[in-house]
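Everything on this sheet refers to the single structure shown next.
Read the figures in this text as sums done on the coordinates, not as results from a lab. Since the model is a prediction, treat every value here as computed from it, not as a measurement. Every residue, glycine among them, receives a Cβ derived from its backbone with ideal geometry; neighbour counts consider all protein chains shown.
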Amino acid sequence: MSREADFIQSLRALATHPAARGLVDDCAVLEIGSETLVLTHDIMVEGTHYLAGSDMAEVAWKLVAVNLSDLAAKGAQPVGVLLGQMLGDDDARFAQGLAEVLAAYDVPLLGGDTVSGTGPRSHGITAIGRATHTPVPSRSGAQVGDAVYVTGTLGAAMLGFEALRDGTGADHAAYSRPQPLLAEGRALSAHVSAMMDVSDGLLLDAFRMADASAVSIGINSAEVPVAESARALDCMRWGDDYQLLFTLPPDVESPVPATRIGSVEPRGFAPLFLDGEPLLNPEGLGYTHK
C-alpha cells in the first residue's frame, strides 16, 4: 500500500462515529435533528497539486472547486466553506480568485485560519453541505447488475496541465478552473446506487468504488469518452477531471447527460476489469500520495 493508504488505515480505529463512514468515502455525513450535513476537507500543496509560479487566483478557484465536487458526489447543496491559508507574496491574487469562485457557486466564506511558514505553500478548504436526498449516496452501494456511467470527457484536465506546464498558450481551464457538477449530483442523488467524483483517475476511482462495494466493475475502454483517443489509457489514469462516476440499476435511465462505460459484476478475483483483463492492484491506475 502507499504511505497515504497506510496512514488512512491507521486512522480507521479512531474514526468510529457513523458520520465518518469508516473513512471509505470522500465525505462525512452527519445527521443533526431533521438535517443531514455533508462535510469534506481537501488540501492543495505547491509543487504537488499545482505548479510553482501558478496564478494564485486559479489555485484559489481549484481549491474551492475540488471540495465542492466532493459535495456534488453526495448530491449536497453547499452551505459554506472554511479556509486554511499559508500566507505568501500574492495573497491579494488568491483572494480575488476566491471571491470569483465563491460568487460563481453562491457559496459563503464562513471563516478559517491563516498561518505563516516556509517551504512549499499549502491551502485547505472545509466545505459544508446540506443533503438534498437521503440516504446520501456513497461509493459503497454499487449492486451486481447495475450499469456504470461517467459524465463528461476524461483527460481534458491532463491536456490542460500539459498546456500550462509547457506554456503553449492552449486552453487549460479544465485543469486550472474545474467546474464542480453540483446540479448534476443533486439530480442523480435520488437514483444512483453509488457515486463519487473522478479526482484521481477513472481507473483508480472505479477500483475504489468496486472495493468499497465488494463487487467487481467491468469497464469497456472503447466506450469511455476521452479527450484524446490516441492516449486513451492516459486519459483514464490521469486525475483532476472532477466528473461524476456512478452506478444505476439496469431499469433506470440517467437523468443527466452521461456515458455508460461498463457494468457491475459479482466479485471475482479482481475488483476491476478493463476490456476483460483483471486489474488486481491499484498501483499505477491513477494518482496516489506515495
* Asked: Just the Cα atoms of the chain, one point each, no solvent: what log10 I(q)/I(0) does Debye give at q = 0.12 Å⁻¹?
  -> -0.76
* Structure fact -> Taking a ≥ b ≥ c as the square roots of the eigenvalues of the Cα gyration tensor, with a/c under 1.5 meaning rounded and otherwise prolate when a/b exceeds b/c and oblate if not, the range 147-279 is oblate
* Would you pull out the residues with amide H under 5 Å of Ile261's amide H, same chain only if 5 or more places away, H placed 1.01 Å from N? => Val148, Tyr149, Val150
* By average Cβ neighbour count within 10 Å, what is the ranking of 66-76, 95-105 from highest down? -> 66-76, 95-105
* To do: Give me the distance in nm between label points sitting 7 Å out from Cα along the Cα-to-Cβ direction at Glu277 and Arg93, one decimal.
  => 4.2 nm
* Counting alpha carbon pairs within less than 8 Å and at least 6 residues apart, what relative contact order, in whole percent, applies to the chain? -> 22 percent
* To do: Output the antiparallel fraction of DSSP beta bridges having both residues in the range 54-209, as a percent to the nearest 5.
  => 60 percent
* Pairwise label distance in nanometres, Asp251 with Thr114, each label 7 Å out on the Cα-Cβ vector -> 5.8 nm
* Structure fact -> Classified through the alpha carbon gyration tensor (a ≥ b ≥ c as square roots of its eigenvalues; rounded if a/c is under 1.5, else prolate when a/b is larger than b/c, else oblate), the range 72-170 comes out oblate
* To do: Return the long-range amide H neighbours of Leu272 (sequence gap of 5 or more, or a different chain), with a cut-off of under 5 Å between placed amide H atoms.
  => Ile217, Leu279
* Asked: In nanometres, what is the gap between the two model label sites at Tyr105 and Asp6, each 7 Å from Cα along Cα-to-Cβ?
  -> 3.3 nm
* **FRET efficiency, Asn220 to Glu162 (Cβ-Cβ, R0 25 Å, nearest 0.05)** => 0.40
